[in-house]
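Values quoted throughout were computed directly from the atomic coordinates according to the rules given, and no laboratory measurement underlies them. As the structure is a prediction and not an experimental result, all values here were calculated from the model. Ideal geometry is used to build each Cβ from the backbone, glycine not excepted, and the neighbour counts take in all protein chains shown.
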């Protein structure tokens, strides 16, 4: 399967399609057209067909896609046919919001360990998981076979947190701290900057005005 | 200025470049090459030049870009040469994380009003802003000339929140609830799904394995 040149925007849309297919499947609908998917998520039918075409032929012309099959395929492409063990580091407001974010568990991202250095937080239980001190991170994350680390610590602690996650053997890091992190090339790194979302909006508002 | 066909990925990178330029400017550096920017943010120099080329010629060949000029230009492109008045609706963990998110204020996104329907939250003051009941939203957001609404309420209340924000006259809505919202075409809508970020990572991890 050729998957190396898939644009990230396509991956993001696949993720959106799969959410829509979950809903459609729940309603008991068996087949769906690219037009139906397009309408459900607000993109063009041509875009849906183009995105799915990256991964081979799923549908039958004139009939559409089998909902369950297509959904299973997309989940597999996204790496969601398995659960992922996630370590969350940093239990500030954002960390707390992430632990209670339903979307993670629904998609198979299971927070199996939580770390913070605040003595008031260590030992408390959040969503069924005990908060541990950060100096336990490497040992615990290794023992849990943690695959993904989420960094929600203040910027000045982000690099040392990343180093510990790498030492623990994670395959991927999602970083919410607004700093550039250095990780070895074998570790996937993604930075989330919440303000960027607002900037895309204000750019678009400005474009309309001019 | 032709700005209609700019890919969103370019806008997101401009946002990243501008953060880097803030740092560079703080260090007192006067000129910068596309290679320096590229290295600072982890993309290729050709990508930097291509992104900037959408908006005309900024640099001087062999000399590079004037840091302050380039920074000012990018901020203007992103709509950040002004402050934006923001209403935040929903004071759960995510709402609380967003009110204390430093990146918003730094970039000129000022949360001027906060709404929640929980009587325990109404009347409390968060980061200097009093939490008000949602039935005050239209009136208060209008009075504040609010331009952007952030929806951080549970999914089942997201559409009615969007309707109120539209009635209040916002130009743009950032939606964190995992539902498709209907807004009039003149209102910019952007959905943030935190799980999508993890899915891009797991897709990439899967691609490496295969």
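Of note:
- Per-copy distances of the residue B:129 label point, shortest first, in nm (7 angstrom along Cα→Cβ): 2.9
- Percentage, to the nearest whole number, of Cα pairs in region A:70-124 over 18 Å apart: 42 percent
- Mean separation of Cα contacts under 8 Å, 6 or more apart, over the residue count of region B:84-195: relative contact order %: 24 percent
- With the biggest extent put first, the Cα atoms of region A:8-77 measure 30, 23, 23 Å across the principal axes.
- With Cα atoms, 0 to 90° folded angle of helix A:158-167 axis to chain A main axis: 80 degrees
- Residues B:25, B:193, B:51, B:69, ranked from the fewest to the most other C-beta atoms within 10 Å, line up as B:69, B:25, B:193, B:51.
- DSSP beta bridges fully contained in the protein assembly as shown are about 20 percent antiparallel.
- Rg over Rh, two decimals, region B:104-152 (C-alpha only, Kirkwood Rh): 0.95
- Taking every DSSP beta bridge that has both ends in chain B, the antiparallel portion is near 20%.
- Dividing the summed helix terms, -39500 (n - 2.57) for each DSSP H run of n ≥ 4, by the number of residues in chain B produces a 222 nm estimate of -13000 deg cm²/dmol to the nearest 500.
- Region B:8-76 - percent relative contact order, Cα under 8 Å, separation 6 or more: 41 percent
- Working from Cα pairs under 8 Å separated by at least six residues, relative contact order for chain A is 13 percent.
- The Rg/Rh ratio for the protein assembly as shown, using Cα coordinates for both the radius of gyration and the Kirkwood hydrodynamic radius, is 0.96.
- Relative to one another, the C-alpha centroids of region B:1-73 and region B:138-210 are positioned 28 Å apart.
- Rounded to the nearest 0.05, the FRET efficiency derived from the C-beta distance between residue A:155 and residue A:66 at R0 = 35 Å is 0.15.
- Among chain A residues, the beta-carbon with the smallest distance to the axis carrying A onto B is reported, with distance in whole Å, as A:97, 2.
- Diagonalising the gyration tensor over the Cα atoms of chain A and scaling each eigenvalue by 5 before taking the square root yields semi-axes of 35, 21, 17 Å, largest first.
- Rg over Rh for region B:121-210 works out to 1.12, using Cα positions for both radii and the Kirkwood form for Rh.
- Inter-label distance for residue A:118 and residue B:22, nm, one decimal - labels placed 7 Å from Cα along Cα-to-Cβ: 2.3 nm
- Compared with the dominant principal axis of the Cα atoms in chain A, helix A:194-209 is inclined by about 40°.
- Once the Cα atoms are used to define both axes, helix B:67-77 deviates from the longest principal axis of chain B by about 40 degrees.
- Over every Cα atom in region A:52-168, the radius of gyration and the widest Cα-Cα span, Dmax, amount to 18.2, 62 Å.
- Taking A:38, A:168, A:195 as the candidate residues, the one with maximal mean-square fluctuation in a Gaussian network model of chain A, Cα springs under 10 Å, is A:195.
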